[in-house]
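The values are calculated or read from the model by the stated rules, or taken from the named source; none is laboratory data. What you see is a predicted model; the values in this text were computed from it and never measured. Cβ placement follows ideal geometry from the backbone for every residue including glycine, while neighbour counts extend to all protein chains displayed. Just so you know, the surface numbers come from the protein's heavy atoms only, side chains and all, with ligands and any DNA or RNA stripped out. Shrake-Rupley method; radii C 1.70, N 1.55, O 1.52, S 1.80 Å.
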Amino acid sequence: MTSRPSRRKLVNPEERTLIEALQAILRLSKGTINVPLSYGGWKTDMISLAWALIEHAYNPVSLSNDLWKYLTDDNGKIAVLSEFLSPRGASFHRIAIVKGVTPKHRLTWGDVAKRFQESKFLITLLENWTREIFNDMCIPMMAKGRTPTPSEGGETARRNQWKLKRKLLSRDGWFSPVGRVMDSSAPDTITPIGDNGSDSLEAAHIIPFSSSRNLILRNMLSKFAGEDLHALLTDKINDPSNALLLTATAHKAFDAFKFGFENQDGRYLLRFVAPFRQLPGEVVRHAENEEIVVATNDPKIAKPSSLLCNIHLAVGRVLWASGAAEVIAKIIEDEEEIKAGNFEDEYWSQVSASYLQRQLRSLQDLDHNGRWDPGVEENLPICSHQIHT
């Protein structure tokens, strides 16, 4: 059984009940509700993604509360739910106590899921909530995931990347924590470990550098984590606490969320997320769940953030458990073609429309300096289901 990243303890019985209820409804609805999330020319399953978000969220309390608010933010919506939602023969406290409505019937989980599946109103609400996260968190996290190499971008970007890499080399001692590959710039007194060889190692951001310039993405990640990440993802985006030293192939796989690290009590445990056959050799050189040693050389340089490592792993589990990761990878390939100038037919016009809308939404950060506040409605991301093409 796959272990879960460390997260806040669920101390509220009502919140625990809410999570269990949503998990049960979505799990029983998989395969019975066919509502695809379309983007460009590709589709992913809405119910599978919604289930994975509640099942694998870094902070399931935050995300479950957000979904519940989406489903019940006015009397009309709560009236629909109160007609059938009474899990396992007992009143559901989130309705009975918070809203003062007592469900009319006692139903099994199967009955609840069936009635949910028959409610076009609730399914549309769930679709809008899930699409917003798909468009504004899932796609940007993968599409903008790759960290530029020092040879790319402008002079400032190159300087920053070299500066970050030098800090990581000092922290990790000329070797990548994953695969134990030596950096090719190591002095002659340093030799490769066994047959691991040497390579030009890269500084890989744990949370994409682009999040520092994308307010909507930071809002979504804050919601996913259940805490305000704005300062961390702006002021410290290029800090060693948000970076790992990896080979180019491991870097690419890490940006695609094919593997990650779970930090438990200061120990970095390697977790495989994608199928084994998709993992690079440097990763499978280790056993799954093996402890990876990092930051042994210079204690003055920050270790990888446990919070950011665990959020990265949770996002990866959502993407791969739902099937969204492979779909988004194809979306990214199409967008690369668009940037290369391919506009030949209707299919490519769909891709370009979706890509343009996503880029325009990310530019909203240039006009706002807001911070995430779970209690302020206007600070939440704008509903993005209109991006559906």
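Considering Ala287, Ala329, the condition of being assigned to a helix (DSSP H, G or I) and over 21 Å from Ala57 (Cβ atoms) is satisfied by Ala329 alone.
You will find that of Leu37, Leu18, Leu22, Leu49, the residue that is at pLDDT 90 or above and crowded, with 16+ Cβ neighbours inside 10 Å is Leu49 and no other. Looking at region 190-212, is at least one residue out of contact with any Cys (no Cβ under 6 Å at 6 or more places or on another chain) and farther than 30 Å from Gly179 by Cα? No, region 190-212 contains no residue that is out of contact with any Cys (no Cβ under 6 Å at 6 or more places or on another chain) and farther than 30 Å from Gly179 by Cα. Of the candidates Leu229, Leu221, Leu215, the single residue that is of a type in the set (A, V, I, L, M), open to solvent by 10 Å² or more (accessible area, probe 1.4 Å) and touching a residue at least 40 places away in the same chain (Cβ under 8 Å) is Leu215. Has region 64-75 got any residue that is modelled with pLDDT under 75 and either in a loop (DSSP other than H, G, I, E, B) or of a type in the set (Val, Ile, Thr) (or both)? So far as region 64-75 goes, yes, one or more of its residues are modelled with pLDDT under 75 and either in a loop (DSSP other than H, G, I, E, B) or of a type in the set (Val, Ile, Thr) (or both). Restricting attention to region 290-320, the residues that are part of a loop (DSSP other than H, G, I, E, B) and touching a residue at least 12 places away in the same chain (Cβ under 8 Å) total 12.
Could you tell me whether region 91-110 includes any residue that is within 23 Å of Ile54 (Cα to Cα), touching a His at 6+ places or on another chain (Cβ under 8 Å), at pLDDT below 75 and not in a helix (DSSP H, G or I)? The answer is no, given that none of the residues of region 91-110 is within 23 Å of Ile54 (Cα to Cα), touching a His at 6+ places or on another chain (Cβ under 8 Å), at pLDDT below 75 and not in a helix (DSSP H, G or I). How many of the residues making up region 166-204 are open to solvent by 50 Å² or more (accessible area, probe 1.4 Å), among the charged types (D, E, K, R) and either within 19 Å of Val283 (Cα to Cα) or assigned to a strand (DSSP E or B) (or both)? Number of matching residues: 3. Can you say whether Val11 is at pLDDT below 75 and among the hydrophobic types (A, V, I, L, M, F, W, C), as far as the supplied structure shows? Considered against the rule, which asks whether it is at pLDDT below 75 and among the hydrophobic types (A, V, I, L, M, F, W, C), Val11 comes out as yes.
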